[in-house]
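Here is the structure we will look at.
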Amino acid sequence: MSIIKEKGLTSKEAESLLKKYGLNEIKEKEESYLHRLLKRFWGPIPWMIEIAIILSAIAKRWEDFAVILLLLLVNAIVDFYQESKALSAIAVLKNKLARMALVLRDAEWKEIEAKYLVPGDIIELKIGNIVPSDVKLLDGGEYLLVDQSSLTGESLPVHKKQNDELYANSIIKQGEMLAEVKATGADTYFGKTVKLIAKATKEQSSHFQKMVLKVGNFLIALTVVLIAIIILHGINTNQPTMELLIFSLVLTISAIPVAMPAVLTVTMAIGARKLATKEAIVNRLAAIEEIAGMDILCSDKTGTLTKNQMSLASAYLSDNMTEENLMLYAALASKEENNDPIEKPIFQYIKEKNLEKELKGYSLEEFLPFDPVHKRTEGIYKNFVFTKGAPQVIIEQSDEKDFDKQKAYAEVESSASKGFRTLGVAYRKKDEDIYHFAGLIPLFDPPRDDSKDAIEEAKQKGINVKMLTGDNTAVAKYIASIIGIGDKIDDIYVLKGEPVEEYKYLSEVITKAITQAIYPNKSEEEIEKTVGDIMKKIQKELYNMPIPKGTIKKHESEIIEIIEKDNGFAQVFPEDKYFIVDELQKANHIVGMTGDGVNDAPALKKADCGIAVSGATDAARSAADIILMAPGLKVIVDAVKLSRQIFERMKSYTIYRIAESIRILFFMTLAIIIYDFYPLTALMIIFLALLNDIPIMTIAYDNTKIIEKPIRWDIKEVFILSSWLGLAGVVSSFLLFWILISKLNLPLDMVQSLFFTKLIVAGHGTLFNTRIDDWFFKNPLPSAKLFWATLASAVIGTIIPIYGFGVMTPIGWQWAGLIWLYAAIWFIFNDAVKMAVLKYYRVRYHEQII
């Protein structure tokens with residue numbers, strides 16, 4: 001190794017290289033503040049408002065110009081402000097994702113953030129580390145055992161030695177070596193992979209976005225037809241063209257859901273901020289609503305349902321062996337500094353039992369790390385050698401005179417059936433050739449404390465949680481049963497069809513040949529017990545071979561039936577997750593998916609809501625809709641409850657918006673055609689839209705009930721309910737209009753002011769009709785923010801016509817009070833209409849689905 005490499009880079013060299021190559025991170029493309037603000041002024045709805053502003057300026061109607069411009073700016077700025085607050089909260093959480101690296105700088109080992117690594121840096125890699133960049137291994141160690149499965153798809157860890165290259169984001173499973181950084185950031189193999197994954201962004205729209213599109217198209221079509229009628233009527237009655245155009249455009253703006261994008265964004269952004277407080281980053285706002293309809297959640301086991309930390313079960317001891325001595329011998333065959341998850345509980349036991357003094361009494365001369373050939377570790381001391389590893393290896397190499405071999409094997413099988421992983425421990429004197437069996441240490445990854453409660457709560461919310469794990473079936477069944485998922489856990493191969501008898505026979509022949517070569521003294525029964533993994537791997541390869549004539553393949557309906565009925569699957573590979581999600585979606589399920597690796601990215605993207613679990617790779621995070629910073633399912637359940645509240649708010653707003661558009665459009669059209677009179681001026685319509693849109697933003701904070709089952713958009717119910725409420729409003733308005741014009745013969749400008757007041761007050765009342773699917777006085781009551789914002793807007797909308805302020809004819813307090821009374825009576829009537837429509841529709845719908 002050169003002197004430079006022995007000392008590493010200097011801080012000055014590193015700073016220079018950092019400027020040249022940039023930070024060692026996958027930089028997400030971020031929108032500038034200016035671009036995010038300007039895009040609020042681009043699109044069909046903003047264009048319509050901007051045309052109205054231009055026409056107002058051409059006609060020199062500066063009052064209209066100012067108010068319409070204000071409406072445009074308010075919508076854009078409020079939307080921008082709320083999104084910025086959500087993004088800021090998310091950015092704070094993302095800072096917690098920083099990784100550290102041990103690097104040689106200025107001839108000293110320093111721990112720095114991995115993003116500051118540069119090509120040429122010397123770093124230390126050891127067990128448990130995530131490789132921070134593409135590197136070339138140097139001397140300083142014998143070998144590394146590296147898990148590259150999240151990058152290359154290799155199912156088994158691979159051995160790496162001096163001069164081999166490692167990819168960023170690989171995981172060191174065993175060993176310790178020095179390495180030289182060769183590529184950082186986007187130049188790494190991992191970075192290039194992330195780019196490809198990020199490029200293939202989600203193309204599917206959320207169910208809410210599809211619904212918004214349907215609502216928008218309906219209202220636009222309805223508006224175009226009715227505005228065309230008004231324009232034709234205006235042309236026939238020789239009205240000024242410019243006045244007619246401005247009025248028609250302004251009426252269009254008031255009828256089309258101008259505030260819908262802003263309300264949607266604000267509501268979702270506030271939901272994202274709430275989730276951020278629970279350490280969940282939302283990548284795609286629409287995913288919050290998507291979770292509301294999620295009826296199946298496919299979950300990882302390790303780290304999500306379990307603690308991802310090994311715990312000890314009751315040990316099996318050979319004659320004359322104490323548990324303390326067994327654990328001491330196991331510790332002597334381990335290295336604490338390796339931080340091996342399997343060894344951590346052993347050293348924890350040593351500390352709890354105060355055995356550190358006995359442990360320090362032995363001086364380690366040589367340590368042989370675990371390797372897949374010998375399947376054990378070994379600690380060599382002055383007089384003794386201690387070893388631990390795969391139980392069958394330890395049992396076979398131990399003196400049979402010391403213990404009951406068959407009983408030990410039975411204990412291994414018993415532990416495996418409970419989902420425990422077993423370590424065998426043995427020792428010998430240096431001058432002996434055979435080991436003495438000490439005992440067996442069962443280890444298992446215990447369930448998280450909150451897993452059982454979270455799964456029970458998810459079930460109560462109508463979500464079927466399925467476990468997908470790469471572990472064997474015994475482990476999966478054990479964990480699934482104790483956390484309440486269920487014990488119907490199958491091997492993934494049940495979904496892939498049964499191979500012909502020739503394949504089965506070939507599999508058995510190959511397996512026996514291999515195992516007998518490795519363990520020639522074992523019986524067939526013992527072989528089958530101890531090398532099941534070999535059979536699994538051979539079978540997997542056979543299943544993937546070209547299928548000859550006669551192979552039994554399951555029909556897709558059978559596959560879907562199995563997936564729906566099972567509580568989970570074991571021996572699952574990343575590609576199997578995609579397959580399961582795809583099949584469930586074909587069966588009309590809304591599917592959530594958890595994952596952590598690059599190879600999980602397709603499944604995360606395919607799922608209706610992809611969830612990157614705690615500790616996931618950057619690639620998985622970029623593909624996911626929601627990123628969990630804390631382990632466990634609890635935050636997902638919290639997201640479900642939050643999303644269902646948001647769904648109710650969005651549904652309430654949608655029904656309100658359609659009903660209000662129908663009220664305004666139909667009433668204005670009828671009044672103009674029948675009476676040849678405009679009930680509102682263009683300026684009044686602008687004020688009406690402004691006063692409606694500002695308080696509607698507070699619906700994002702409204703109190704709503706949490707539905708106990710997955711929610712889906714019933715667009716038929718939405719249109720039927722909103723149409724009836726809209727028609728009731730038309731009847732209410734036209735009745736009042738007829739009384740004021742035909743019976744009381746009030747001046748026309750006075751009628752316009754009265755109608756402005758009526759539409760403001762009644763419109764705000766409609767929101768309280770639609771916010772829950774029960775009587776308006778039932779719980780949950782409106783939130784304080786929604787109530788006071790709406791009341792304030794209604795009061796302002798009443799004060800303006802009371803005094804006129806030069807923009808309309810004053811009506812005084814008496815008329816204002818009568819309008820409020822009239823609106824209150826119709827508000828109660830509208831609530832009765834809502835309840836009758838819901839009762840009729842839902843009873844009829846229920847009968848249909850039965």
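Which of the pairs Lys466/Lys606; Lys214/Lys651; Lys136/Lys160; Lys136/Lys173; Lys477/Lys586 have their Cα atoms more than 19 Å apart in this structure?
The answer is Lys477/Lys586.
If we sort 384-391, 732-739, 652-659 on the protection proxy, mean other Cβ atoms within 10 Å, highest first, what's the order?
Ranked from most to least packed, the peptides come out as 652-659, 384-391, 732-739.
By what distance, in whole Å, do the Cα atoms of the range 722-790 stretch along each of the three principal axes, largest value first?
The Cα atoms of the range 722-790 stretch 43, 25, 16 Å along the principal axes, largest first.
Hey, could you pull the Cα Rg and Dmax for the range 684-839, both in Å?
16.7, 54
In vacuo Debye scattering of the range 748-850, one point per C-alpha: log10 I(q)/I(0) at q = 0.10, 0.20, 0.24 Å⁻¹?
-0.37, -0.99, -1.20
Quick one: Debye curve from the alpha-carbon atoms of the range 791-838 only, equal weights, vacuum; give me log10 I(q)/I(0) at q = 0.19 Å⁻¹ to two decimals.
-0.67
Within the range 737-782, report the trypsin sites (Lys or Arg not before Pro) that DSSP leaves as loop and that have at most 16 other Cβ atoms within 10 Å.
Qualifying residues, ordered by number: Lys778.
Under 37 °C and 0.692 mPa s, how fast does the range 311-444 diffuse according to Stokes-Einstein, given a Kirkwood radius computed over C-alpha pairs? Answer in µm²/s, whole number.
The Stokes-Einstein estimate is 223 µm²/s.
Every read-out reported here was derived from the displayed coordinates using simple, explicitly stated rules and does not represent laboratory data. These numbers were taken from a predicted model, which means no experiment stands behind them. Every residue, glycine as well, gets a Cβ built from its backbone with ideal geometry; the counts of neighbours run over all protein chains shown.
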